[in-house]
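Have a look at the structure below before the remarks.
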Amino acid sequence: MTRLEERRIDAPFFERRKATEDTKRKIAGWEIWECADPTFRHDYDRTVTLYVHEGAAVLTFAGGDIVDLQPGDTLTIRQGASATWAISTPIRNSYQYHDTFQSASNRTDQVSWQKD
């Protein structure tokens, strides 16, 4: 098992991965969310991806699936999911809703080209 596969989980309402260097580069402009509340429940009306900078949490989804989060993980939660967060160490994430990603057709606007 490779380092990137060791944290991989695919479930009906989420996907967890270890972040690649490319992923870490892409999150530079994402919003930051911090939370120290020990528990809370959230219903996801939009698909979101988050990257864990600090902290630890366990999410229990309405269907019974459970996923733990630690620094370096990315988690995509699909629209329609409902999860209870249990935060054991205050958490700090970058996040981006999928409906706010720039499309691939706008890729040239996202890339900086330098001429020699």
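The values are calculated or read from the model by the stated rules, or taken from the named source; none is laboratory data. Worth saying up front: this structure is predicted, and the values here are computed from it rather than measured. Ideal geometry is used to build each Cβ from the backbone, glycine not excepted, and the neighbour counts take in all protein chains shown. Each accessible area value is taken on the protein alone, full model and side chains, heavy atoms only, with ligands, DNA and RNA left out. Shrake-Rupley method; radii C 1.70, N 1.55, O 1.52, S 1.80 Å.
Of the residues examined, Glu15 is one that is in a strand (DSSP E or B) and open to solvent by 50 Å² or more (accessible area, probe 1.4 Å). Inclusion of Asp22 among residues that are over 12 Å from the mean Cα position of the chain (by Cα) and farther than 15 Å from Asp73 by Cα is not warranted.
Applying the set (1) at pLDDT below 95; (2) buried (at least 18 other Cβ atoms within 10 Å of the Cβ) to Ser112 leaves exactly one unmet item: (2). The residues in region 63-79 that are at pLDDT 95 or above and either open to solvent by 70 Å² or more (accessible area, probe 1.4 Å) or over 16 Å from Asp10 (Cβ atoms) (or both) can be counted, and the count is 6.
Selection within region 21-54: residues that are surrounded by 12 or more Cβ atoms within 10 Å (Cβ to Cβ) and hydroxyl-bearing (Ser, Thr, Tyr). The member of this set that is farthest from Gly80 (Cα to Cα) is Thr23.
For region 21-61, a residue qualifies if it is among the acidic types (Asp, Glu) and without any contact (Cβ under 8 Å) to a residue 60 or more places away in the chain, and the qualifying residues are Glu21, Asp22, Glu34, Asp37, Asp43, Asp45, Glu54. Taken over region 80-99, the criterion of being polar (S, T, N, Q) and open to solvent by 70 Å² or more (accessible area, probe 1.4 Å) is satisfied by Ser88 alone.
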